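Single-structure report; data block below.
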Amino acid sequence: DCNFGSMQKLHWSRAARTDKGVHALGNCVALKMLVPPDVDMVAAVNEKLPKDITCLDIKRVTKSFNAKQLANGRMYLYLIPTFSFRPATVPEDSGPKKGGPGSASWRDGKQHFEHKWRPSAEKVEASKAYRCDEKELKTRLDEFLLKYKGTHKFHNFGSGKKPTDGDVRRYIVSFKSGAVRVCEGIEYIELLVEGQSFIIHQIRKMVGLAVLCLRYNLDAKDKCGTAFSDKKVHVPTAPSVGLLLDKVLYDVFNKRHEHIPKLDFADVDEARAKFKEEKVLPEIVRREHAENCQLRFLEDVHDYYYQWLKGDIAQDAVPWIED
């Protein structure tokens, strides 16, 4: 109690932060605390937490442990409707429209959308009815997502980043498609990415570029090469609603400290899976139904990324759109 309110005295640290609207299924926080031997601390902590937050486990670590600095990797999952990858054609007059869907404008290299536009009932019903060829979609997705593997400059996948910034080089361990499932009438596919660390908006933009290229059948090698180059280009930012932090990895820490309990989620996988199915996924699906996030995003992609579609993607070619 004497240390309450002082994060410095508690030695508080957290493994990962998430963008607004992004969920966290397997995060990790660290602090110094007294644990009475006769008290179930997991249950005691959960009694004080709201229903959409839960403590899965409490484990002893080393004295100098820092949840962020000692994490060697993070795994994220993006749940996206399969209709996002449905092939689409671009009309000859494709381009930014003043007052059109999204009413986009560009300020300091960031896109700003007025989300007043809503898809028609026909578009909503068509998206719900869509079912993909699972084998074909997973093959195309995995082929594209493989382009992200390795170390690249991700300045075009962040916010306000320059190619010369020291923190834009990031290492992606793997990026692949996962299970296909139908939730509340909409078909979704899971995208699974593991990396050492990520800059803000990086994963959402990685997904956004995948949607753009697969939807309009653009050359993956060419467009990814451009996005990784020193040229500053605009990359679509997929909605935050489908993204969740799956888990934080401490493989290196576990190898160095075999004398203490292993720091991973293996002991609580069942509880974590239950929380995902009962709390996280229903909220993602609820928001998609209520806000049509992906349909609105696809309209933005269609109208405001015509530079990618026509091959003219330099930032100075992007016009300033005033509402």
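The values are calculated or read from the model by the stated rules, or taken from the named source; none is laboratory data. Treat the numbers as computed from the prediction; the structure is a model and nothing was measured. Cβ sites come from the backbone with ideal geometry, for glycine too, and all protein chains shown count toward neighbours. Only protein heavy atoms, including side chains, enter the accessible area calculation; ligands, DNA and RNA are left aside. Shrake-Rupley method; radii C 1.70, N 1.55, O 1.52, S 1.80 Å.
Which ones in the range 9-61 are among the β-branched types (Val, Ile, Thr) and within 26 Å of residue 76 (Cα to Cα)?
Of all residues in the range 9-61, those among the β-branched types (Val, Ile, Thr) come to 18, 22, 29, 35, 39, 42, 45, 53-54, 58, 61.
18, 22, 29, 42, 45, 53, 54, 58, 61, listed by residue number.
Looking at the range 169-204, which of its residues are more than 17 Å from the chain's Cα centre (by Cα) and within 22 Å of residue 67 (Cα to Cα)?
In the first step, residues of the range 169-204 are kept if they are more than 17 Å from the chain's Cα centre (by Cα); the result is 169, 180-187.
Correct list: 169 only.
Within 15 Å of residue 294 (Cβ to Cβ) and not β-branched (Val, Ile, Thr) - does that describe any residue in the range 165-181? Before you say what the answer is, go through the steps one by one.
Taking the range 165-181 and keeping what is within 15 Å of residue 294 (Cβ to Cβ), we get none.
No, that holds for no residue.
Going by the structure shown, is residue 211 within 25 Å of residue 132 (Cβ to Cβ), of a type in the set (A, V, I, L, M) and surrounded by fewer than 16 Cβ atoms within 10 Å (Cβ to Cβ)?
Values: within 25 Å of residue 132 (Cβ to Cβ): yes; of a type in the set (A, V, I, L, M): yes; surrounded by fewer than 16 Cβ atoms within 10 Å (Cβ to Cβ): no.
Considered against the rule, which asks whether it is within 25 Å of residue 132 (Cβ to Cβ), of a type in the set (A, V, I, L, M) and surrounded by fewer than 16 Cβ atoms within 10 Å (Cβ to Cβ), residue 211 comes out as no.
Do we find that residue 66 is under 26 Å from the mean Cα position of the chain (by Cα), modelled with pLDDT of 90 or more, more than 30 Å from residue 177 (Cβ to Cβ) and not in a helix (DSSP H, G or I) in this structure?
Numbers: under 26 Å from the mean Cα position of the chain (by Cα): yes; modelled with pLDDT of 90 or more: yes; more than 30 Å from residue 177 (Cβ to Cβ): yes; not in a helix (DSSP H, G or I): yes.
So residue 66 fits the description; yes.
Which count do you get for residues in the range 219-234 that are surrounded by fewer than 16 Cβ atoms within 10 Å (Cβ to Cβ) and over 11 Å from residue 156 (Cβ atoms)?
If we filter the range 219-234 for residues that are surrounded by fewer than 16 Cβ atoms within 10 Å (Cβ to Cβ), which is where we start, we get 219, 221-222, 225, 229-231.
With over 11 Å from residue 156 (Cβ atoms) added as a condition, the list becomes 219, 221-222, 225.
Of the residues in the range 219-234, 4 are surrounded by fewer than 16 Cβ atoms within 10 Å (Cβ to Cβ) and over 11 Å from residue 156 (Cβ atoms).
Is it fair to say residue 127 is polar (S, T, N, Q), over 21 Å from residue 194 (Cα atoms) and surrounded by 14 or more Cβ atoms within 10 Å (Cβ to Cβ)?
It is true that residue 127 is polar (S, T, N, Q), over 21 Å from residue 194 (Cα atoms) and surrounded by 14 or more Cβ atoms within 10 Å (Cβ to Cβ).
Filter the range 13-32 down to residues that are surrounded by 11 or more Cβ atoms within 10 Å (Cβ to Cβ) and either assigned to a loop (DSSP other than H, G, I, E, B) or acidic (Asp, Glu) (or both), then give me how many there are. Show your work before the answer.
From the range 13-32, those surrounded by 11 or more Cβ atoms within 10 Å (Cβ to Cβ) are 13-19, 21-32; that's our starting set.
When the remaining residues are screened for being either assigned to a loop (DSSP other than H, G, I, E, B) or acidic (Asp, Glu) (or both), the result is 15-19, 21-22, 25-28, 31-32.
Selection size over the range 13-32: 13.
Of all residues in the range 175-193 being within 13 Å of residue 141 (Cα to Cα) and among the small types (Gly, Ala, Ser), which is most open to solvent (accessible area, probe 1.4 Å)?
Restricting attention to the range 175-193, the residues satisfying the condition of being within 13 Å of residue 141 (Cα to Cα) are 175-180, 189-193.
From what is left, the residues that are among the small types (Gly, Ala, Ser) are 177-179.
Values: 177: 13, 178: 10, 179: 53 Å².
Residue satisfying both the conditions and the ranking: 179.
Against the condition β-branched (Val, Ile, Thr) and open to solvent by less than 30 Å² (accessible area, probe 1.4 Å), how does residue 268 come out, does it pass?
Details: β-branched (Val, Ile, Thr): yes; open to solvent by less than 30 Å² (accessible area, probe 1.4 Å): yes.
Yes.
Yes/no per residue for (1) at pLDDT below 90; (2) out of contact with any strand residue (DSSP E or B) (no Cβ under 8 Å at 6 or more places or on another chain):
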| position | (1), (2) |
| --- | --- |
| 223 | yes, yes |
| 231 | yes, yes |
| 234 | yes, no |
| 266 | yes, yes |
| 270 | no, yes |
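Quick one: would you say residue 196 is open to solvent by 30 Å² or more (accessible area, probe 1.4 Å) and farther than 16 Å from residue 82 by Cα?
On the way: open to solvent by 30 Å² or more (accessible area, probe 1.4 Å): yes; farther than 16 Å from residue 82 by Cα: yes.
When the stated conditions are applied, residue 196 passes them.
Take residue 185 and decide whether it is small (Gly, Ala, Ser), modelled with pLDDT under 95 and on the phi > 0 side of the Ramachandran plot.
Working: small (Gly, Ala, Ser): yes; modelled with pLDDT under 95: yes; on the phi > 0 side of the Ramachandran plot: yes.
Yes.
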